[in-house]
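Remarks on the structure that follows.
Every number here is computed from the coordinates shown, using simple stated rules; none is lab data. Every value quoted in this text rests on a predicted model; they were computed, and no experiment measured them. Please note: Cβ atoms are built from the backbone with ideal geometry, for glycine as well, and neighbour counts cover all protein chains shown.
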Amino acid sequence: MMLEELLQQLQAISSDAVASLNAADSDAAIEAVKNRTLGRSGAITALSPQMGQLPKEDKRAAGLAFNEAKTAIQKALNDAKAKLAASEAASAPAVDVTLPGRAWPIGRKHPISQTIDECCDIFRRMGFIAVSGPELETVWYNFDALNAPLNHPSRDPQDTFYLPDGRLLRTQTSPVQIRTMLGNKPPVRIVSPGRCYRRDTPDATHGVHFHQLEGLYIDKNVSMADLRSTILKFATEFFGPDVRIRMRPSFFPFTEPSVECDFSCVCCGGKGCRVCKNSGWLEIMGAGMVNPAVLRNAGYDPEELQGFAFGFGLERLTMLKHRINDLRIFSDNDLRFLKQF
Ligand SMILES: [Zn+2]
């Protein structure tokens, strides 16, 4: 091969490589050009033995031409890599550090849980402690120990969820009172909030599960006056200082005497409205002096100790406080509703 021919071939390889590298749009394309020119079996490498065949006076010029071609291809390789890196950086999503951060929604307490907390706080300030008990109960704790007669309608499987083994989903939070009395020496001063279950067709004011809060106070010389002052204190703390209460005779197996306790209507102040059916009063809770038979069931001596108990529904209290007219909304888990509390 003559010098002239060698120089032409080197020139052709070099300009073809540079043109390919200028157009390369990927690492693979750049690497391919490198392999087919400067690689171990590349075109430039394949030409170098030809240099040995040249006459002595042509060798210097040939050596310079080889170096020139290699340098030109190497520079084009570096430029192509730099261009590719720059275009990848430009197409990546830009980070604007001045944008406000993403807002993460913060969870909040369910309105029923808020009512439980508020009630427990009020009673705690009066010396009551909050206790809880199992939702799966035995018939003895849920009915027998609470003096419920054997023919009491609430024992009927149509009203209560029974398990195949005879246990039941508690229909009230009162079993906690029995458990507490059995496990503690008097005086006892507790409130027990929690979930209860009854077979009911769900409507605006009934659900198959609901929440109750029950209170129990056992000590020496406890009277109806203590019950009244405790409930009045609770009513005014929860609904405001203008709330009045009244008691009407009633009957519950658990208490004797028993009363139904009404609060003056929190919507109309007692003047009469749709919520209180124009009576000015709202039925809120059942209460009374603990039946001596219940005290005996719990191992207490009714000659020595007396006590009062009361219980009310937490859904109703929450509905009255926030003017909600359908309790089904409490279990819908609709964030548009829950976010308002
Ligand atoms: Zn009213």
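Helix 224-239 and the longest principal axis of the C-alpha atoms of the chain enclose an angle of approximately 30°.
Couplings 3J(HN,Hα) for segment 24-29, derived from phi with the Karplus relation 6.51 cos²θ - 1.76 cosθ + 1.60 (θ = phi - 60°), are 5, 10, 8, 4, 5, 5 Hz, where x marks Gly and Pro.
Note on segment 191-341: Cα-only Rg and Dmax are 17.0, 55 Å.
Volume of the convex hull of segment 269-313 (Cα atoms only), normalised per residue: 96 Å³. Seen from all directions on average, segment 138-228 presents a Cα convex hull projection of 7.4 nm². Both numbers refer to the Cα atoms of segment 3-91; Rg and Dmax are 14.8, 54 Å. The relative contact order of the chain comes to 14 percent, based on Cα pairs under 8 Å that sit 6 or more residues apart.
Restricting attention to segment 111-338, lysine pairs at least eight places apart or on different chains and with alpha-carbon atoms under 24 angstrom apart total 6. Only Lys, Arg, Asp and Glu carry charge here, each on its Cβ (+1 for the first two, -1 for the last two); on that basis the chain has a dipole of about 580 debye about its Cα centre. Computed over segment 24-169, the P(r) tail beyond 26 angstrom holds 69 percent of alpha carbon pairs. Close amide H pairs (under 5 Å, H built 1.01 Å from N) link VAL259 with SER250, ALA287, GLY288, residues at least 5 positions away or on another chain. In order along segment 155-162, the Karplus-derived 3J(HN,Hα) couplings, from 6.51 cos²θ - 1.76 cosθ + 1.60 at θ = phi - 60°, round to 6, 5, x, 6, 10, 10, 7, 9 Hz, and Gly and Pro are given as x. With axes computed from alpha carbons, what is the tilt in degrees of helix 111-125 against the longest principal axis of the chain, rounded to the nearest 10 within 0 to 90? Compared with the principal axis, the helix lies near 50 degrees. Couplings for segment 306-322, taken from phi via the Karplus curve 6.51 cos²θ - 1.76 cosθ + 1.60 with θ = phi - 60°, read 10, x, 10, 9, 8, x, 8, x, 7, 4, 4, 4, 5, 4, 5, 5, 9 Hz in order; Gly and Pro are left as x. Computed from the C-beta positions of LEU99 and ASN221 and an R0 of 41 Å, the FRET efficiency is 0.05 to the nearest 0.05. Return the single residue from SER192, SER279, SER174 with maximal mean-square fluctuation; model: Gaussian network over the chain, springs between Cα atoms under 10 Å. Looking only at SER192, SER279, SER174, the biggest GNM fluctuation is shown by SER279.
In whole Å, what is the distance between the alpha-carbon centres of segment 279-305 and segment 98-133? Going from one Cα centre to the other spans 30 Å. Per q in 0.08 Å⁻¹, report the Debye log10 I(q)/I(0) for the chain, using one uniform scatterer on each alpha carbon and no solvent. Ignoring solvent entirely, the Cα scatterers give -0.52. From its DSSP helices (H runs of at least four residues, each -39,500 (n - 2.57)), the chain gives a residue-normalised ellipticity at 222 nm of -12500 deg cm²/dmol. The amide H of ARG199, built 1.01 Å from its N in the peptide plane, has THR160, PHE161 as neighbours under 5 Å, considering only residues 5 or more places off or on other chains.
In segment 91-139, the inverse of the mean reciprocal separation of distinct Cα atoms equals 16.0 Å; this is its Kirkwood hydrodynamic radius. The lysines within cross-link reach of LYS81, meaning a Cα-to-Cα straight distance under 23 Å and a gap of 8 or more places when in the same chain, are LYS34, LYS70.
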